[in-house]
Amino acid sequence: MMGRLQEKFRSFFSNRWLVFVAAMWVQSCAGIGYLFGSISPVIKSSMDYNQRQIARLGVAKDLGDSVGFLAGSLCEVLPLWAALLIGALMNFIGYGWVWLIVTGRAPTLSLWAMCILIFVGTNGETFFNTVALVSCVQNFPKSRGPVVGILKGFAGLGGAIMTQMYVTIHSPDHASLIFMVAVGPTMVIVALMFIVRPVGGHRQVRPTDAMSFTFIYSLCLLLAAYLMGVMLVEDLIDLNHTVIAIFTIILFVLILIPIVIPVQLSFFSEPRALEEEALLPAPEKQEAGKSEQDANEVIFSEVEDEKPKEVDLLPALEGKNELPNCKQNYSKQLQKEQ
């Protein structure tokens, strides 16, 4: 009994749907750039900036959100958990330092130094994006479009989720939103950085995958509609703190609901034979000199539908057919010249 339970837990932590759900939660922390419009008034008032200086900080934020080659390069040489940790540290240091300056706990810096801090803090989310996308694309090689669309959708909802959390805290200090931006994503990423990883998902294909994607799609639409409705109600009606707290609890329930998919697949479904789950046939032989890591690596050219061999042979066949015609034309030309 204990051995079977351990096997189910092992299957749960190596389930590609668990990785996908964790990546969705990671992406919900990758929308910190959308909150700049909410934190800029606090920076403007505390630092005595004018609108032009705030606009320069906005440019630094946009650059940090767009420059992702560093994250992509590091993901090639470092484990994915290390890339997530680097992104979390960048987010924490960048926005954490801004919070210390705004609240007077650290000395004031010049505008260019503030731009660097905003750039570093926002650039951390490119690490979240890169790791989440790389892991899920490798785990769902046949469903890359839906996976990327869902993950980017959660990144867009991240700002609204954090705003609702800030409203629930009901802090009179507006700088606490900057503190939340610095600490909240860091805690989530540290908690999930060992879960979001490739787990050989191309060998975990199930007939219920389409139904699971439909469920996730529906939940995303429901979550977006719920957030929009809650924010409209909070803006139009003066609600007490208890109602706002209930709204936030419902929000967290909606965010946590997708975990039922890997739980159901790991604990409440019958185990299937490996050959039924395998998307690719196991290689019969390994060439000499190839390492075991190379043998287990997912190659997308093998996963995709490959081009038929006849297509590559067409030019050669056409060349053989055209060769006699060329000889005949050349002979006729020689006869005319003679």
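The values are calculated or read from the model by the stated rules, or taken from the named source; none is laboratory data. Because the structure is a prediction, the values reported are computed rather than measured. Ideal geometry is used to build each Cβ from the backbone, glycine not excepted, and the neighbour counts take in all protein chains shown.
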Subject >> Count of the stretch 149-183 residues which are at pLDDT below 90, over 15 Å from the mean Cα position of the chain (by Cα) and over 21 Å from I43 (Cα atoms) >> reply: 1
Original post:
Can you find even one residue in the stretch 139-148 that is surrounded by fewer than 20 Cβ atoms within 10 Å (Cβ to Cβ), of a type outside the set (K, R) and without any contact (Cβ under 8 Å) to a residue 40 or more places away in the chain?
Top reply: yes
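For (1) at pLDDT below 90; (2) hydrophobic (A, V, I, L, M, F, W, C), each residue gets a yes or a no:
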position: M2; (1), (2): yes, yes
position: R16; (1), (2): no, no
position: Q27; (1), (2): no, no
position: G33; (1), (2): yes, no
position: S40; (1), (2): no, no
position: Q51; (1), (2): no, no
position: A55; (1), (2): no, yes
position: K61; (1), (2): no, no
position: S66; (1), (2): yes, no
**OP:** Scan the stretch 64-122 residue by residue and report those that are out of contact with any helix residue (DSSP H, G or I) (no Cβ under 7 Å at 6 or more places or on another chain) and either on the phi > 0 side of the Ramachandran plot or of a type in the set (G, A, S) (or both).
**Re:** S66, S73, A82, G104, S110, A113
Original post:
Within the stretch 184-219, how many residues are surrounded by fewer than 16 Cβ atoms within 10 Å (Cβ to Cβ) and modelled with pLDDT of 90 or more?
Top reply: 9
Subject >> Residues satisfying the stated conditions in the stretch 57-107, i.e. buried (at least 16 other Cβ atoms within 10 Å of the Cβ) and of a type in the set (K, R) >> reply: K61
Subject >> Hey, P141 assigned to a helix (DSSP H, G or I) and not polar (S, T, N, Q) or not >> reply: no
